[in-house]
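Asker: This is the structure I want to talk about, given as structure tokens.
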Amino acid sequence: MECLLALSHAGKCYGTRAIFKDVSCAVPAGSITLLAGANGAGKSTLMRVMAGLSRLTAGTVSHHVEAAALGYLGHATFVYPTLSALENLAFWAKLYGLNANEHSLLPLLRRVELERFARERSGTFSRGMAQRLNLARVLLLQPRLLLLDEPATGLDVRSAALLRAEIAAAKERGAGIVWISHDVAGDAPLADSIFLLQDKKLAYAGSAAAFMQGGAVW
Amino acid sequence: MVAASWHIAAKDLRLCLVRGGGLVQALLLGLLLLFVFSLSQQVGETMSAQGAAAIFWLSSAFCQVLVFNMLYSLEEVNASRLGLLLMPAPVQAVWLGKGLAGLVLLLLAQLIFLPASVVFLGQHIGAAWPQALLMLFLVDVGMAALGSLLGALSQGQAARESLLSIVLFPLLVPLLLAGIRVGSAAFAAAMPEGAASWMGIAAAFDALFCGAGIVLFSFIYAGDD
């Protein structure tokens with residue numbers, strides 16, 4: 001299976017404090033990988049390294065996709081509050097050299113159920129609506145490698161279901177997905193594999209089914 | 001990279017000008033400086049052309065600090081900075097885009113500071129204004145290049161915000177000096193001696209600050225906190 005991202009003996013320190021060390025793993029195309037671990041285990045830092053947003057202290061990270069094919073959905077919504085939903089999407093579309101006209105952007109807003117708010121300033125949006133606009137931004141890019149850092153934060157049940165459907169659709173499209181989730185037991189059925197960060201190391205990297213059969217609780 | 005820079009600059013100008021993002025504060029501070037200095041004059045007294053040019057550039061320098069703080073703070077609200085870092089273009093596109101937007105805003109502010117200098121400081125436009133205008137543009141390019149680099153440095157923790165003004169002003173001294181020397185020609189009857197040399201110095205510092213921006217920006221504007 002095609003490998004989209006690989007880490008080899010990766011380590012990250014902030015000053016003298018080690019966040020993780022000797023992490024080696026790969027993300028194949030057409031798969032969902034859950035990144036699990038307790039609070040403060042270094043999941044978000046590892047994901048930022050995967051996205052190229054943070055430099056490694058040791059080891060290497062290799063991307064086998066172009067920068068334009070990498071999607072990142074995290075806690076922060078990347079929304080400009082004084083721009084409308086449509087203007088926000090148009091800005092990101094232009095930055096990625098994509099079609100930024102209304103006809104191509106409105107269907108995306110429809111997909112995340114924000115079409116009727118298309119011309120409203122996104123500063124008036126709730127946290128959940130802003131996150132759905134962020135999801136529309138990621139959908140716009142049609143990423144081959146999708147990195148999700150607790151993307152359901154602030155989403156209601158309906159929006160969380162929408163998000164899960166889009167994640168499943170991205171996998172069907174052949175995207176490789178790494179997903180930090182608070183609800184590993186609930187999300188594991190969607191996943192193919194699990195990476196577990198524990199004691200600053202990658203304690204488990206293997207099949208999600210085997211992980212859950214082992215009775216792990218996260 | 002140029003296309004990405006252009007889109008960033010257009011977005012920033014839209015946020016600052018159309019959506020009332022706040023050039024007003026920078027303008028008011030500059031105008032206040034001009035007005036306060038005008039009070040130092042006796043009624044009917046005329047300030048020297050060089051003195052007026054110095055006050056004009058002081059207003060412009062303060063305006064520049066506020067403009068670049070404002071431009072880089074746009075990306076801090078919802079961490080859009082990370083989005084810009086992920087775009088498929090070199091990160092220097094952000095430096096260039098912010099620099100372009102800052103240059104436009106600075107020129108717009110000076111469009112108001114210049115007549116205000118004439119009115120408040122009792123000056124008149126001299127014959128050498130085209131050369132002074134060229135000098136103004138040369139100095140502004142350098143101010144924008146350096147402001148964009150150091151504006152990125154100032155974002156994040158509050159303690160670092162003061163860095164912009166602390167680091168910026170000493171580095172700007174040669175450019176400001178050139179601007180004052182040749183800029184005074186706008187308010188005088190003739191060009192000052194050595195104007196060509198001052199223009200050469202300004203152009204050299206423009207090139208230096210642009211080079212520094214291209215080389216150093218990726219170390220300053222990063223995803224690591």
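Asker: Sort out which residues of region A:74-103 are under 23 Å from residue A:162 (Cα atoms), among the polar types (S, T, N, Q) and over 23 Å from the mean Cα position of the chain (by Cα), and write them in order of number.
Answerer: The one that is under 23 Å from residue A:162 (Cα atoms), among the polar types (S, T, N, Q) and over 23 Å from the mean Cα position of the chain (by Cα): A:84.
Asker: Here's another thing I want to ask about it. If I filter region B:61-75 for residues that are loosely packed, with under 15 Cβ neighbours inside 10 Å and assigned to a loop (DSSP other than H, G, I, E, B), do I get at least one hit?
Answerer: no
Asker: Please give the number of the condition residue B:221 fails out of (1) within 14 Å of chain A (Cβ to nearest Cβ); (2) modelled with pLDDT of 90 or more.
Answerer: Tallying (1) within 14 Å of chain A (Cβ to nearest Cβ); (2) modelled with pLDDT of 90 or more, residue B:221 fails exactly one: (2).
Asker: When you go through (1) within 22 Å of residue A:8 (Cβ to Cβ); (2) out of contact with any strand residue (DSSP E or B) (no Cβ under 8 Å at 6 or more places or on another chain); (3) not charged (D, E, K, R) one by one for residue A:209, which number turns out not to apply?
Answerer: (1)
Asker: Follow-up question, since we're still on this one. Kindly indicate the residue of region B:82-96 that is facing another protein chain (nearest Cβ under 9 Å) and in contact (Cβ under 8 Å) with a residue 12 or more places away in the chain and also surrounded by the fewest Cβ atoms within 10 Å (Cβ to Cβ) among those meeting that condition.
Answerer: Out of the qualifying residues, it is B:82.
Asker: So, of the residues in region A:28-56 that are charged (D, E, K, R) and within 12 Å of the chain's Cα centre (by Cα), which turns out to be nearest to the other protein chains (Cβ to nearest Cβ)?
Answerer: Among them, the one singled out is A:48.
Asker: Starting from region A:63-84, take each residue that is within 8 Å of another protein chain (Cβ to nearest Cβ) and list its partners that are among the basic types (Lys, Arg) and assigned to a loop (DSSP other than H, G, I, E, B), counting only C-beta distances under 9 angstrom and pairs at least six apart or across chains.
Answerer: A:66/A:144; A:70/A:144; A:82/B:19; A:83/B:19
Asker: I'd like the full set of residues that are touching a Pro at 6+ places or on another chain (Cβ under 9 Å) and among the hydrophobic types (A, V, I, L, M, F, W, C), limited to region A:178-201.
Answerer: A:179, A:180
Asker: Next question. Report the residue count in region A:85-105 for those that are more than 14 Å from chain B (Cβ to nearest Cβ) and in contact with a helix residue (DSSP H, G or I) (Cβ under 6 Å, 6 or more places away or on another chain).
Answerer: Residues flagged as more than 14 Å from chain B (Cβ to nearest Cβ) and in contact with a helix residue (DSSP H, G or I) (Cβ under 6 Å, 6 or more places away or on another chain) within region A:85-105 amount to 1.
Asker: Can you name the strands (runs of 3 or more DSSP E) wholly within region A:1-47 that have at least 1 residues being among the charged types (D, E, K, R)?
Answerer: A:3-14, A:17-28
Asker: Continuing with the same structure: Mind telling me which of the residues B:145, B:152, B:159, B:101 ends up being under 17 Å from residue B:8 (Cβ atoms), assigned to a helix (DSSP H, G or I) and modelled with pLDDT under 90?
Answerer: B:152
Asker: Given (1) modelled with pLDDT of 90 or more; (2) more than 11 Å from chain B (Cβ to nearest Cβ); (3) within 20 Å of the chain's Cα centre (by Cα); (4) over 24 Å from residue B:97 (Cα atoms), where does residue A:110 come up short, assuming only one miss?
Answerer: Result: residue A:110 fails condition (3) only.
Asker: May I pose another question? Determine whether region A:90-97 contains at least one residue that is farther than 13 Å from residue B:84 by Cα and without any contact (Cβ under 8 Å) to a residue 60 or more places away in the chain.
Answerer: Scanning region A:90-97, I find at least one residue that is farther than 13 Å from residue B:84 by Cα and without any contact (Cβ under 8 Å) to a residue 60 or more places away in the chain, so the answer is yes.
Asker: Next up: So which strands (runs of 3 or more DSSP E) are wholly in region A:121-218 and hold at least 3 residues that are crowded, with 18+ Cβ neighbours inside 10 Å?
Answerer: In region A:121-218, A:145-149, A:176-180, A:193-198 are the strands (runs of 3 or more DSSP E) which contain 3 or more residues that are crowded, with 18+ Cβ neighbours inside 10 Å.
Asker: Only residues that are among the hydrophobic types (A, V, I, L, M, F, W, C) and either within 13 Å of chain B (Cβ to nearest Cβ) or closer than 19 Å to residue A:180 by Cβ (or both): list them for region A:113-135, please.
Answerer: Correct list: A:125, A:129, A:130, A:133, A:135.
Asker: How about region B:1-53: which of its residues are of a type outside the set (Ser, Thr, Tyr), free of Cβ contacts under 8 Å to residues at least 24 places away in the same chain and assigned to a loop (DSSP other than H, G, I, E, B)?
Answerer: Within region B:1-53, B:19, B:20, B:39, B:42, B:43, B:44 qualify.
Asker: Tell me yes or no: at least one residue of region A:72-93 is part of a strand (DSSP E or B) and surrounded by 22 or more Cβ atoms within 10 Å (Cβ to Cβ).
Answerer: Yes; the residues of region A:72-93 include at least one that is part of a strand (DSSP E or B) and surrounded by 22 or more Cβ atoms within 10 Å (Cβ to Cβ).
Asker: How many residues are surrounded by fewer than 20 Cβ atoms within 10 Å (Cβ to Cβ) and either closer than 20 Å to residue A:133 by Cα or not small (Gly, Ala, Ser) (or both) if we restrict to region A:54-71?
Answerer: Of the residues in region A:54-71, 11 are surrounded by fewer than 20 Cβ atoms within 10 Å (Cβ to Cβ) and either closer than 20 Å to residue A:133 by Cα or not small (Gly, Ala, Ser) (or both).
Asker: More than 20 Å from residue A:150 (Cα to Cα), of a type outside the set (A, V, I, L, M) and more than 14 Å from chain B (Cβ to nearest Cβ): is that true of residue A:59 in this structure?
Answerer: Considered against the rule, which asks whether it is more than 20 Å from residue A:150 (Cα to Cα), of a type outside the set (A, V, I, L, M) and more than 14 Å from chain B (Cβ to nearest Cβ), residue A:59 comes out as yes.
Asker: Six or more apart or on different chains, Cβ under 9 Å: which pairs go from a residue in region B:97-121 that's over 22 Å from residue B:70 (Cα atoms) to one that's β-branched (Val, Ile, Thr) and modelled with pLDDT under 95? Could you list them?
Answerer: B:114/B:125; B:117/B:55; B:118/B:125; B:120/B:55; B:121/B:46; B:121/B:55
The values are calculated or read from the model by the stated rules, or taken from the named source; none is laboratory data. Predicted, not measured: the structure shown is a model, and the values here were computed from it. Note that each Cβ is placed from the backbone with ideal geometry, even for glycine, and that neighbours are counted across all protein chains shown.
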